[in-house]
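Undergrad: Take this structure, written in structure tokens, and hold onto it; I'll ask about it next.
The values are calculated or read from the model by the stated rules, or taken from the named source; none is laboratory data. Remember, it's a predicted structure, so these values are computed and weren't measured experimentally. Note that we place each Cβ from the backbone using ideal geometry, even for glycine, and neighbour counts take in every protein chain shown.
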Amino acid sequence: MKLVIAGYGFVGKAHYELLKDNFDITIVDPAFPEYKQEIPQDADAVIICVATPQDDDGSCYMQNVYDVLKYTPTTAQVLIKSTISIEGWNQIKEEFPNHLITFSPEFLRAASAVEDFKKQTYMYIGGEFDNAVFWETIFRTVFPEIVIEQLGAKEAILIKYFRNSFLATKVAFFNQVYDLCEKLDLPYYVVQRGINSDSRIGKSHTEVTEERGFGGHCFPKDTSALVKTAHKNNINLSILEEAISYNNRIKQ
């Protein structure tokens with residue numbers, strides 16, 4: 001089977017490392033001279049891993065995904081691993097009605113993407129049933145025991161956005177714990193340890209760094225895109241909006 005990985009950032013590299021021994025893989029990414037090539041028209045499947053940064057209006061920038069789809073044959077199965085918005089999915093389905101498109105969110109950390117990918121035990125595959133079955137078969141070649149849940153693409157999109165938004169909000173919450181500890185001249189690490197020792201809360205995302213707040217590749221753009229989607233649907237995500245506003249203030 002001829003498989004194309006479009007986009008060779010940390011997500012694309014993780015997929016390549018795990019799938020390279022089982023499939024004939026072509027890497028396509030204009031950012032790298034050695035991968036500056038067109039998508040083969042005889043490709044059986046394409047995994048889209050291109051960047052989807054925050055657009056000027058705060059929404060998800062989808063042009064990189066569109067550019068891949070424009071040159072992808074309609075006979076190829078397409079799996080979007082790039083983070084996309086609900087609006088982006090709707091536009092994709094409208095502009096590329098003849099393409100076989102499925103969405104699967106990834107939850108990889110940039111610094112440990114390959115290891116995170118290897119260790120995953122659960123995967124969401126969103127889209128039409130036959131297309132989702134195709135990709136489940138692909139991933140079971142390297143993850144025979146993995147739990148794969150097939151669901152709607154829009155549900156999978158919101159799972160990705162809300163997971164990251166919850167964790168971003170948790171970071172903001174613990175930064176506010178830090179603020180009060182500082183004001184009262186109390187050791188933050190003692191209070192932090194007492195809070196996160198509760199198994200319902202946990203230790204992740206409770207460290208307060210010198211940079212303060214949340215940043216990185218995903219949290220700022222994903223929280224912003226989710227708020228934009230909410231606004232377009234007349235929903236007020238007030239808790240998340242306050243977390244974003246607070247984060248912006250402490251990062252100034």
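Undergrad: Hey, any hits in the stretch 153-167 for a residue that's touching a Ser or Thr at 6+ places or on another chain (Cβ under 9 Å), part of a loop (DSSP other than H, G, I, E, B), in contact (Cβ under 8 Å) with a residue 60 or more places away in the chain and within 27 Å of T209 (Cα to Cα)?
TA: No, the stretch 153-167 contains no residue that is touching a Ser or Thr at 6+ places or on another chain (Cβ under 9 Å), part of a loop (DSSP other than H, G, I, E, B), in contact (Cβ under 8 Å) with a residue 60 or more places away in the chain and within 27 Å of T209 (Cα to Cα).
Undergrad: Now a separate question. Kindly evaluate Y35 against the criterion of being touching a residue at least 24 places away in the same chain (Cβ under 8 Å), of a type in the set (S, T, Y), more than 18 Å from A110 (Cα to Cα) and assigned by TED's automatic domain parsing to the domain that holds S85.
TA: yes
Undergrad: Still on this model: Go over the candidates E87, E94 one by one and state the one that is touching a helix residue (DSSP H, G or I) at 6+ places or on another chain (Cβ under 7 Å), acidic (D, E) and part of a helix (DSSP H, G or I).
TA: E87
Undergrad: Within the stretch 193-223, track down each residue that is among the polar types (S, T, N, Q) and without any contact (Cβ under 8 Å) to a residue 40 or more places away in the chain.
TA: If the condition is that a residue be among the polar types (S, T, N, Q) and without any contact (Cβ under 8 Å) to a residue 40 or more places away in the chain, then N196, S197, S199, S204, T206, T209 are the ones that fit.
Undergrad: Step by step: first the residues of the stretch 100-142, then only those that are among the aromatic types (F, W, Y) and in contact with a helix residue (DSSP H, G or I) (Cβ under 8 Å, 6 or more places away or on another chain), then the one that is surrounded by the fewest Cβ atoms within 10 Å (Cβ to Cβ). Which residue is that?
TA: Among them, the one singled out is F107.
Undergrad: Looking at P73, P40, P30 in this structure, which one is without any contact (Cβ under 8 Å) to a residue 12 or more places away in the chain, more than 18 Å from G126 (Cα to Cα) and not polar (S, T, N, Q)?
TA: Result: P30 is the single residue among P73, P40, P30 that is without any contact (Cβ under 8 Å) to a residue 12 or more places away in the chain, more than 18 Å from G126 (Cα to Cα) and not polar (S, T, N, Q).
Undergrad: Limited to the stretch 208-252, what total is found for residues that are over 17 Å from S85 (Cβ atoms), of a type in the set (D, E, K, R) and touching a Phe, Trp or Tyr at 6+ places or on another chain (Cβ under 8 Å)?
TA: 0
Undergrad: Taking the stretch 48-84, which residues are of a type in the set (S, T, N, Q), over 13 Å from the mean Cα position of the chain (by Cα) and assigned to a strand (DSSP E or B)?
TA: Of everything in the stretch 48-84, just one residue is of a type in the set (S, T, N, Q), over 13 Å from the mean Cα position of the chain (by Cα) and assigned to a strand (DSSP E or B), namely Q77.
Undergrad: Looking only at the stretch 93-110, count every residue that is in contact (Cβ under 8 Å) with a residue 40 or more places away in the chain and farther than 22 Å from D44 by Cα and tell me the total.
TA: Number of matching residues: 3.
Undergrad: Hey, another quick one. Could you tell me how many of the residues in the stretch 115-137 are under 18 Å from C218 (Cα atoms) and in contact with a Phe, Trp or Tyr (Cβ under 8 Å, 6 or more places away or on another chain)?
TA: Summing the residues that are under 18 Å from C218 (Cα atoms) and in contact with a Phe, Trp or Tyr (Cβ under 8 Å, 6 or more places away or on another chain) in the stretch 115-137 gives 1.
Undergrad: Answer yes if at least one residue in the stretch 14-25 is in contact (Cβ under 8 Å) with a residue 12 or more places away in the chain, assigned to a loop (DSSP other than H, G, I, E, B) and closer than 22 Å to F107 by Cα, and no otherwise.
TA: No, the conditions are met nowhere in the stretch 14-25.
Undergrad: Which of the residues spanning the stretch 97-118 are assigned to a loop (DSSP other than H, G, I, E, B) and closer than 21 Å to F162 by Cα?
TA: Selection gives S104, P105, E106, F107, L108, R109.
Undergrad: What do you reckon, is V147 more than 18 Å from T83 (Cα to Cα), more than 16 Å from the chain's Cα centre (by Cα), among the hydrophobic types (A, V, I, L, M, F, W, C) and surrounded by 15 or more Cβ atoms within 10 Å (Cβ to Cβ)?
TA: no
Undergrad: What do you reckon, is I125 more than 19 Å from F10 (Cα to Cα) and touching an Asp or Glu at 6+ places or on another chain (Cβ under 8 Å)?
TA: Yes.
To keep it simple, each residue is scored yes or no on (1) touching a Phe, Trp or Tyr at 6+ places or on another chain (Cβ under 9 Å); (2) modelled with pLDDT of 95 or more; (3) not β-branched (V, I, T).
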residue: V28; (1), (2), (3): yes, yes, no
residue: C49; (1), (2), (3): yes, yes, yes
residue: E95; (1), (2), (3): yes, yes, yes
residue: A111; (1), (2), (3): yes, no, yes
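Undergrad: If Q41 satisfies every condition in (1) crowded, with 18+ Cβ neighbours inside 10 Å; (2) in a loop (DSSP other than H, G, I, E, B) but one, which is the exception?
TA: Among (1) crowded, with 18+ Cβ neighbours inside 10 Å; (2) in a loop (DSSP other than H, G, I, E, B), the lone unmet condition for Q41 is (1).
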